[in-house]
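S.K.: Structure below; questions to follow.
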Amino acid sequence: MLTVASVNVNGIRAAFRRGMGEWLDVRKPDVLLLQEVRGSDEILADHLPPDGWHLAHEAGNAKGRAGVAIASRLPMSAVRVGLGTGVTGDAGRWVEADLEVPAEDGRPATTLTVVSAYLHSGTVGTPSMDEKYAFLAHVTDRLAAIAAAGGRAVVAGDLNIAHREVDIKNWKGNLTKAGFLPEERAYLDRWFDELGWRDLGRDLAGPGPGPYTWWSWRGKAFDNDAGWRIDYQLATPALAALARTATVDRAATYDARFSDHAPLVVEYDL
């Protein structure tokens, strides 16, 4: 089994102070996809040393904001950063790598493409919402290109969109809020219904509600499980056929969390 974990860490340094290292020691993922790293290449390498991981990282433009990374036990044969020239607002939001999966048990060696993505949160009525929609359009183009190649690929991360009512506890109270707008959710409809991507968190976890992946630090949201499912692993059909389990590593208690997001972990029978 190949274990792929994705998590928005809300700052790699803060996450490790809160116990992310202990979670890594127990979970032992083969591939770790991070969002909101909020640090330099050197800071990332301090926490995930290159002698144990192959690293690809793009920091955000603003200090202490954004940043996406891929940490892999498998070697990388190619790394691609961003969504191409002319795409604004994507610094620290999209990084891809081709991983080389060795031959084993009679199976040939193969290439697995992985993406760590961090989409804008957006605020209704502000320019940040325009940036989010523009970025979603570029993401859609890239997903179409990856899907057309017909290989094994996973796009994972914090998409900042809950797809259906079962993906957000208080859906009625958020119908006009960023993250659950019909216009945002329609992008996910297209990715799944037209481009063929599979939502493994939903496919393998059942019809819901939940399991949620994000809860506000404030109030009793975590204790009451008043969350949002905004962290995904999206797979091409060729890879989705090999996915066996999807688990949200929700902390046992509020105090045990290392981020306001919980890791989404999928096991693939490669």
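The values are calculated or read from the model by the stated rules, or taken from the named source; none is laboratory data. Just so we're clear, the structure is a prediction, and the values are computed from it rather than from any experiment. Using ideal geometry, Cβ is built from the backbone for each residue, glycine included, and neighbour counts are taken over all protein chains shown. Only protein heavy atoms, including side chains, enter the accessible area calculation; ligands, DNA and RNA are left aside. Shrake-Rupley method; radii C 1.70, N 1.55, O 1.52, S 1.80 Å.
S.K.: Which ones in the range 147-206 are free of Cβ contacts under 8 Å to residues at least 24 places away in the same chain and either at positive phi or in contact with a Pro (Cβ under 7 Å, 6 or more places away or on another chain) (or both)?
M.R.: Residue satisfying the conditions is Gly206 alone.
S.K.: Shifting gears a bit: Which one of the conditions (1) acidic (Asp, Glu); (2) part of a loop (DSSP other than H, G, I, E, B); (3) under 14 Å from Ser259 (Cα atoms) does Asp51 fail to meet, given that it meets all the rest?
M.R.: The one condition Asp51 does not meet is (3).
S.K.: Counting only residues that are open to solvent by less than 50 Å² (accessible area, probe 1.4 Å) and polar (S, T, N, Q), which one in the range 155-177 is nearest to Val37 (Cα to Cα)?
M.R.: The residue in question is Asn160.
S.K.: Further question: Could you check Ser77 against (1) over 20 Å from the mean Cα position of the chain (by Cα); (2) at pLDDT below 95 and say which number it fails?
M.R.: All conditions pass for Ser77, except number (2).
S.K.: What number of residues within the range 26-74 satisfy the criterion of being without any contact (Cβ under 8 Å) to a residue 40 or more places away in the chain, surrounded by fewer than 19 Cβ atoms within 10 Å (Cβ to Cβ) and on the phi > 0 side of the Ramachandran plot?
M.R.: So the count comes out to 1.
S.K.: Sticking with this structure for a sec: Return the only residue of Ala66, Ala71, Ala97 being touching a Phe, Trp or Tyr at 6+ places or on another chain (Cβ under 7 Å), modelled with pLDDT of 95 or more and not basic (Lys, Arg).
M.R.: Just a single option satisfies the conditions, and that option is Ala71.
S.K.: Going by the conditions given, is Asp189 charged (D, E, K, R), loosely packed, with under 14 Cβ neighbours inside 10 Å and either in contact with a Ser or Thr (Cβ under 7 Å, 6 or more places away or on another chain) or modelled with pLDDT of 95 or more (or both)?
M.R.: Answer is yes for this residue.
S.K.: Follow-up question, since we're still on this one. List pairs: first residue in the range 96-124 and open to solvent by 30 Å² or more (accessible area, probe 1.4 Å), second residue basic (Lys, Arg) anywhere in the structure, Cβ distance under 8 angstrom, at least six positions apart or on different chains.
M.R.: Final answer for the pair search is Thr110/Arg152; Thr111/Arg152; Ser121/Lys132; Val124/Lys177.
S.K.: Also, I was wondering about something else. Quick one: which of Gly179, Gly210 is of a type outside the set (Asp, Glu), under 26 Å from Ala144 (Cα atoms), within 18 Å of the chain's Cα centre (by Cα) and part of a loop (DSSP other than H, G, I, E, B)?
M.R.: Values: Gly210 fails: under 26 Å from Ala144 (Cα atoms).
Only one candidate qualifies: Gly179.
S.K.: Follow-up. Specify which of the listed residues (Val79, Val124) is touching a strand residue (DSSP E or B) at 6+ places or on another chain (Cβ under 8 Å) and β-branched (Val, Ile, Thr).
M.R.: From the options Val79, Val124, the qualifying one is Val79.
S.K.: For Ala240, which of the numbered conditions (1) within 29 Å of Arg65 (Cβ to Cβ); (2) open to solvent by less than 50 Å² (accessible area, probe 1.4 Å) fails to hold?
M.R.: Every listed condition holds for Ala240 apart from (1).
S.K.: Can you confirm whether the range 197-206 contains a residue that is assigned to a strand (DSSP E or B) and either within 30 Å of Thr126 (Cα to Cα) or open to solvent by 40 Å² or more (accessible area, probe 1.4 Å) (or both)?
M.R.: Among the residues of the range 197-206, at least one is assigned to a strand (DSSP E or B) and either within 30 Å of Thr126 (Cα to Cα) or open to solvent by 40 Å² or more (accessible area, probe 1.4 Å) (or both), which makes the answer yes.
S.K.: Let me ask something else about it. Could you check the range 25-38 and list, in sequence order, the residues that are within 28 Å of Lys63 (Cα to Cα) and out of contact with any strand residue (DSSP E or B) (no Cβ under 9 Å at 6 or more places or on another chain)?
M.R.: Across the range 25-38, the qualifying residue is only Arg38.
S.K.: If a residue has to be in a loop (DSSP other than H, G, I, E, B), open to solvent by 40 Å² or more (accessible area, probe 1.4 Å) and more than 20 Å from Lys172 (Cβ to Cβ) to count, how many in the range 219-237 make the cut?
M.R.: Residues meeting the conditions: 1.
S.K.: Sticking with this structure for a sec: Which fully enclosed strands (runs of 3 or more DSSP E) of the range 54-103 have 1 or more residues being touching a helix residue (DSSP H, G or I) at 6+ places or on another chain (Cβ under 7 Å)?
M.R.: It comes to 54-58, 68-72.
S.K.: Could you list, ordered by first residue, the pairs with Cβ atoms under 6 Å in which the first is in the range 126-139 and free of Cβ contacts under 8 Å to residues at least 60 places away in the same chain and farther than 16 Å from Gly179 by Cβ and the second is open to solvent by less than 70 Å² (accessible area, probe 1.4 Å) and of a type in the set (A, V, I, L, M), at least 6 apart or interchain?
M.R.: Short answer, once both residue conditions are applied: His138/Leu83; His138/Val87.
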